[in-house]
Amino acid sequence: MKSETEKWLEQVKKDIRAANNSFNSRDYEWACFQAHQAVEKSLKALIIEKKSFLIKTHDLVLLAKKLDAPEDIKIKCSKINPSYIDTRYPDVPKAYSEVEVREIVKLSEEVISWIEKNL
């Protein structure tokens, strides 16, 4: 039977793959949202693994702080964080460029890689 952490990480893989697929099909806002979700779930997986509880928030920086993540991880999270709101609500319109989305997906993959190394 899969552990709780493994269940979260399985979803992370699906979300980051979906983010890359959305990027490739030029669905940029959706790619950003999916990248954010992948990072959020990976941070939560590490919290579950290390601290045995779940923090219910979408704030990547807060989650990174709870893990005492290095400053560069917190900075990457702060750059990804706005895409949770910007991509979901029409009253906060933000058109993401290809360059911006590529950076968000790349940063997301870097945060996920750090998390995998720390599990």
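The values are calculated or read from the model by the stated rules, or taken from the named source; none is laboratory data. All values reported here derive from a predicted model rather than from experimental measurement. When we count neighbours, we look across all protein chains shown, and the Cβ atoms used for this are built from the backbone with ideal geometry, even at glycine.
For the range 94-105, how many residues meet the condition of being part of a helix (DSSP H, G or I) and exposed (fewer than 14 other Cβ atoms within 10 Å of the Cβ)?
Matching residues across the range 94-105 total 2.
Answer yes or no as to whether Ser108 is crowded, with 22+ Cβ neighbours inside 10 Å, under 18 Å from Lys13 (Cα atoms) and not hydrophobic (A, V, I, L, M, F, W, C).
The answer is yes for Ser108.
Please find, among Lys74, Lys94, Lys51, the residue that is among the basic types (Lys, Arg), modelled with pLDDT under 95 and more than 27 Å from Ser25 (Cα to Cα).
Matching residue, one of Lys74, Lys94, Lys51: Lys51.
Return the only residue of Ile55, Ile73 being closer than 12 Å to Ile112 by Cβ and among the aliphatic types (A, V, I, L, M).
On the way: Ile55 fails: closer than 12 Å to Ile112 by Cβ.
Exactly one of Ile55, Ile73 is closer than 12 Å to Ile112 by Cβ and among the aliphatic types (A, V, I, L, M), namely Ile73.
Restricting the search to the range 44-87, which residues are among the basic types (Lys, Arg) and either surrounded by 18 or more Cβ atoms within 10 Å (Cβ to Cβ) or not in a loop (DSSP other than H, G, I, E, B) (or both)?
First, pick out the residues of the range 44-87 that are among the basic types (Lys, Arg): 44, 50-51, 56, 65-66, 74, 76, 79.
Correct list: Lys44, Lys50, Lys51, Lys65, Lys66, Lys74, Lys76, Lys79.
Would you call Ser83 at pLDDT below 95 and closer than 16 Å to Ile115 by Cα?
no
Which of the residues belonging to the range 76-99 are without any contact (Cβ under 8 Å) to a residue 40 or more places away in the chain and under 19 Å from Asn21 (Cβ atoms)?
Residue satisfying the conditions is Val99 alone.
Of everything in the range 12-28 that's free of Cβ contacts under 8 Å to residues at least 24 places away in the same chain and assigned to a loop (DSSP other than H, G, I, E, B), which residue is surrounded by the fewest Cβ atoms within 10 Å (Cβ to Cβ)?
Ser25
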